[in-house]
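Colleague: Before we start, here is the structure in question, set down as structure tokens.
The values are calculated or read from the model by the stated rules, or taken from the named source; none is laboratory data. Just so it is clear, the structure is predicted and the values come from calculations on it, not from any experiment. With ideal geometry, Cβ positions are generated from the backbone for all residues, glycine too; neighbour counts draw on all protein chains shown.
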Amino acid sequence: MALDYIDQIQKLLDSLKTSQHENIETAINKASNSIAKDGIIHVFGSGHSHILSEEVFFRAGGLAPINPLFEESLMLHHGAVQASMNERKRDYMDEFLRHIPFRNSDILIVISTSGRNPVPIDVAQYGKEQGLFVIGITSVEYSKSQASRHESGMRLYDCVDLVLDNLSKKGDALLTHSGVSEPYAASSTIVGGVIMQSLIAGVIENLADNDITPPIFLSGNVDGADEHNQRLVEKYKDRIPLL
């Protein structure tokens, strides 16, 4: 039975490849143009969605100009229940966002599978107000099944420039069993990780195709990487505080 999860994930990835191909290509082109102009890709998610921000930050084989927007009170290690409650608060991120060095040449990726809570919606709206191209990674099916908790009535897919659908089911649980009353086994992190890495790979290839050297981090466990990576850190440290 455990291998059923792998089968179901593979089906989602096959569907992702066909249904989201065009939107992923659009995201790749937008992000490539941004980095070619010395822009930054900012990534935000709360709860488990923040995992995808870490997935692509300071990552071996990944792009250097990635800025994860980490607000610890929205992350599980500071109290999972409270973090979930914080995500439902209107204007919760206002002070945090005012300190982010956004430029209108940047890209903002906001991740929320349910897409219904105020915090990711507020972050997306703020990004658009700053002139950024905003991408939402969410589940349209899941979002449509639940009422918005935002005072506007909008969900994340309503307020971004481009939607990348992670195809998660309602409740982000992929499997069922006759002897279990609840669905189980989440899919959003794995599918979201594939979306993020596909985006990064596509941007690198686009830049190379246009004779622009992609700013790629090497693994710190490879000889000679420290010097290579430090050059990229020096280039971006003024815009990416965590570097």
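Colleague: Looking at Leu108, Leu167 in this structure, which one is over 21 Å from Pro241 (Cα atoms) and buried (at least 16 other Cβ atoms within 10 Å of the Cβ)?
Modeller: On the way: Leu108 fails: over 21 Å from Pro241 (Cα atoms).
Just a single option satisfies the conditions, and that option is Leu167.
Colleague: Just checking, does the range 28-41 include any residue being at pLDDT 95 or above, loosely packed, with under 14 Cβ neighbours inside 10 Å and either touching a helix residue (DSSP H, G or I) at 6+ places or on another chain (Cβ under 6 Å) or not β-branched (Val, Ile, Thr) (or both)?
Modeller: yes
Colleague: Let me spell it out: the conditions are (1) free of Cβ contacts under 8 Å to residues at least 24 places away in the same chain; (2) crowded, with 16+ Cβ neighbours inside 10 Å; (3) not charged (D, E, K, R), and Ser181 meets all of them except one. Which number is the exception?
Modeller: Against the list (1) free of Cβ contacts under 8 Å to residues at least 24 places away in the same chain; (2) crowded, with 16+ Cβ neighbours inside 10 Å; (3) not charged (D, E, K, R), Ser181 comes up short only on (2).
Colleague: Test each condition in (1) farther than 20 Å from Ala27 by Cα; (2) in a loop (DSSP other than H, G, I, E, B) for Phe96 and report the one that comes out false.
Modeller: If we test Phe96 against (1) farther than 20 Å from Ala27 by Cα; (2) in a loop (DSSP other than H, G, I, E, B), just (2) comes out false.
Colleague: When only residues in the range 122-164 that are of a type in the set (D, E, K, R) and under 20 Å from His50 (Cβ atoms) count, which is surrounded by the most Cβ atoms within 10 Å (Cβ to Cβ)?
Modeller: Our first condition is that a residue be of a type in the set (D, E, K, R); within the range 122-164, this holds for 122, 128-129, 141, 144, 149, 151, 155, 158, 161.
Next, from what is left, pick out any that are under 20 Å from His50 (Cβ atoms): 122, 149, 155.
On the way: Asp122: 21, Arg149: 17, Arg155: 26.
Restricting to residues being of a type in the set (D, E, K, R) and under 20 Å from His50 (Cβ atoms), the top hit is Arg155.
Colleague: When you go through Leu108, Leu167, Leu156 one by one, which is the residue that is over 19 Å from Met75 (Cβ atoms) and under 15 Å from the mean Cα position of the chain (by Cα)? Quick ask: steps written out before the conclusion?
Modeller: Values: Leu108 fails: over 19 Å from Met75 (Cβ atoms); Leu156 fails: over 19 Å from Met75 (Cβ atoms).
After ruling out the rest, the residue left standing is Leu167.
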